[in-house]
1. Scan segment 77-92 residue by residue and report those that are under 14 Å from the mean Cα position of the chain (by Cα) and assigned to a loop (DSSP other than H, G, I, E, B).
2. How many of the residues making up segment 24-76 are β-branched (Val, Ile, Thr), at pLDDT below 90 and not in a helix (DSSP H, G or I)?
3. Of the residues that make up segment 90-105, is at least one on the phi < 0 side of the Ramachandran plot, at pLDDT 90 or above and buried (at least 19 other Cβ atoms within 10 Å of the Cβ)?
4. Cβ-Cβ under 6 Å, sequence separation 6+ or interchain: first residue in segment 28-44 and closer than 15 Å to LEU68 by Cβ, partner among the small types (Gly, Ala, Ser) and at pLDDT 90 or above. Which pairs?
5. Return only the number of the condition from (1) part of a helix (DSSP H, G or I); (2) β-branched (Val, Ile, Thr); (3) at pLDDT below 90 that VAL21 does not satisfy.
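The values are calculated or read from the model by the stated rules, or taken from the named source; none is laboratory data. Note that this is a predicted model, so its numbers are computed, not measured. When we count neighbours, we look across all protein chains shown, and the Cβ atoms used for this are built from the backbone with ideal geometry, even at glycine.
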Amino acid sequence: MATAVARLALIGPPGAETAEVAYRLAGRLGVPSISIVDAVQSAVRTGSELGDELRRFLNAGQAPPLGLVVAIVHRRLGEPDAVDGFVFWTESPVLPVVRSLETSGSTWSSWSWPMPRRHGG
């Protein structure tokens, strides 16, 4: 019998504790929890070609092109520890990154939830 692969994307507004939910889900599923920041840090730390390209933008004080960020996220989600699944999360939805997951040919699920309104301030 084939084992199911868990590929989840969680998208929440800042302060929604998306990371906490992602870490708990990933722990229960036995897969890594990966954010855009994790993917970027991994690319820079490993000295990959994509990481070197990203570093050039950051050192120049420029925002990297979205296509580069998408490529970095896809590279990270394809690493050996994520082969059996992952929980990808972000609290700042970058729609092109999320849409790229939809067209990657993988089966995955996503959830998003609204930020509760805060009263008094």
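1. Residues satisfying the conditions are GLY78, GLU79, GLU91, SER92.
2. Total satisfying the criteria: 0.
3. No: zero hits.
4. Cβ pairs passing all conditions: ALA43/GLY51; VAL44/GLY51.
5. (3)
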